[in-house]
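Notes for the one structure printed next.
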Amino acid sequence: MIKLDNIVKIYNPKKSNEFEALHGISAEINDGEMVAIIGKSGSGKSTLLNLLGGLDAPTEGKIYYNDTDISSMNDTELSKFRLQNIGFVFQFFDLIPELTAEENILLPSKLARKKGEGADKLYQALGIQDRIKHYPSELSGGQQQRAAIARAMINSPDVLLCDEPTGNLDRKSGEEVMALLKDLNAQGKTVIIVTHDRGIAQQCGRIIEIADGAIV
Ligand code: ADP
Ligand code: MG
């Protein structure tokens, strides 16, 4: 289970541009759930997802993965935890342009000093087996996002965090990506999707709505 306990996020604390983006968010997400975090642009969705994924630290409050308090980890501990336990998928795919799809996908396994076992199976499941020697610029948006999902899954994390994963895709590619995320959830992965799109959110098992940095 993932537990958020009274999370406050203040950007630029004690400066003239101080901004409180989250005002005390508490929530629990069970293993194997597929949850949408929905809200308008600027409501705090990405902030919340970044905290959930340990990419940024809360100003106050605690974040637990089972009994592990990730909010008290240092940077080294956090990167190790992320590498083993969490996959990330972003709106603009964030593949490294100088690396082929395959090199991008295998990067997290290299960082974790693993051998990328199961990579071929992943390519098949994601339908990119004949595209993996290509560079991101040679792939369609949908193919790039599927490669990004493969990269997120290469270390077999239990949790997949997605920030507007269909936000930069046409409808058909977006639906394909949603189908893949639902497959992964059906295989037992916890999937959390940030979106401003109600149609996407309604395909998830539960919707958490935020407005102005608070749960509605
Ligand atoms: P969403 O993903 O829902 O569009 P964000 O979480 O990106 O919203 O942003 C929430 C609020 O926090 C916005 O008002 C945004 O301008 C502000 N914000 C986000 N990131 C930063 C940052 N690094 N520094 C200062 N303010 C930020
Ligand atoms: Mg956002």
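The values are calculated or read from the model by the stated rules, or taken from the named source; none is laboratory data. Given the structure is predicted, the values throughout are model-derived calculations rather than measurements. Neighbour counts are summed over all protein chains in view; Cβ atoms, including those assigned to glycine, are modelled from backbone coordinates with ideal geometry. All accessible areas refer to the heavy atoms of the entire protein, side chains included, with ligands and DNA or RNA removed. Shrake-Rupley method; radii C 1.70, N 1.55, O 1.52, S 1.80 Å.
Can you tell me which residue within segment 98-107, out of those that are out of contact with any helix residue (DSSP H, G or I) (no Cβ under 6 Å at 6 or more places or on another chain) and not β-branched (Val, Ile, Thr), is surrounded by the fewest Cβ atoms within 10 Å (Cβ to Cβ)?
The qualifying residue surrounded by the fewest Cβ atoms within 10 Å (Cβ to Cβ) is GLU98.
If TYR123 passes every condition in (1) aromatic (Phe, Trp, Tyr); (2) closer than 26 Å to ILE2 by Cα; (3) open to solvent by less than 20 Å² (accessible area, probe 1.4 Å) but one, which one does it miss?
(2)
So which of GLU164, GLU176, GLU138 is in contact with a Gly (Cβ under 9 Å, 6 or more places away or on another chain) and of a type in the set (Asp, Glu)?
Just a single option satisfies the conditions, and that option is GLU176.
Go through the residues of segment 59-70 one by one and say whether even a single one is more than 19 Å from LEU181 (Cα to Cα), at pLDDT 95 or above, in contact with a Pro (Cβ under 7 Å, 6 or more places away or on another chain) and of a type outside the set (Phe, Trp, Tyr).
Yes, there is a match, as at least one residue in segment 59-70 is more than 19 Å from LEU181 (Cα to Cα), at pLDDT 95 or above, in contact with a Pro (Cβ under 7 Å, 6 or more places away or on another chain) and of a type outside the set (Phe, Trp, Tyr).
Could you tell me which of the residues LEU95, LEU4, LEU48, LEU55 is of a type in the set (A, V, I, L, M, F, W, C), within 16 Å of ligand 2 (Cβ to nearest atom) and surrounded by 21 or more Cβ atoms within 10 Å (Cβ to Cβ)?
It is LEU48.
Kindly provide the set of residues from segment 147-164 that are over 10 Å from VAL89 (Cα atoms) and within 16 Å of ligand 2 (Cβ to nearest atom), ordered by number.
Across segment 147-164, there are no qualifying residues.
Please go through (1) in contact (Cβ under 8 Å) with a residue 24 or more places away in the chain; (2) touching a Phe, Trp or Tyr at 6+ places or on another chain (Cβ under 7 Å) for ILE86 and return the number of the only condition it doesn't satisfy.
Here ILE86 meets the rest and fails (2).
Can you name every residue in segment 24-43 that is within 15 Å of ligand 1 (Cβ to nearest atom), of a type in the set (Gly, Ala, Ser) and within 17 Å of the chain's Cα centre (by Cα)?
Passing the criteria: ALA36, GLY39.
Tell me whether segment 31-45 contains one or more residues that are open to solvent by 60 Å² or more (accessible area, probe 1.4 Å) and without any contact (Cβ under 8 Å) to a residue 24 or more places away in the chain.
yes
In segment 151-167, what residues are more than 16 Å from ligand 1 (Cβ to nearest atom) and either surrounded by fewer than 23 Cβ atoms within 10 Å (Cβ to Cβ) or among the hydrophobic types (A, V, I, L, M, F, W, C) (or both)?
ALA152, MET153, ILE154, ASN155, SER156, PRO157, ASP158, VAL159, LEU160, listed by residue number.
Please go through segment 132-150 and give me each residue that is farther than 15 Å from GLU98 by Cα and open to solvent by 30 Å² or more (accessible area, probe 1.4 Å), ordered by number.
Residues satisfying the conditions are SER140, GLN143, ARG146.
Considering only segment 8-22, how many residues are under 17 Å from ALA214 (Cβ atoms), within 12 Å of ligand 1 (Cβ to nearest atom) and in contact with an Asp or Glu (Cβ under 8 Å, 6 or more places away or on another chain)?
Adding up the residues that qualify gives 3.
Looking at segment 1-30 only, could you name the residues that are of a type in the set (Gly, Ala, Ser) and not in a loop (DSSP other than H, G, I, E, B)?
ALA21, GLY24, SER26, ALA27
Looking at (1) among the hydroxyl-bearing types (Ser, Thr, Tyr); (2) outside any loop (DSSP other than H, G, I, E, B); (3) within 9 Å of ligand 1 (Cβ to nearest atom), can you tell me which one TYR64 breaks?
(3)
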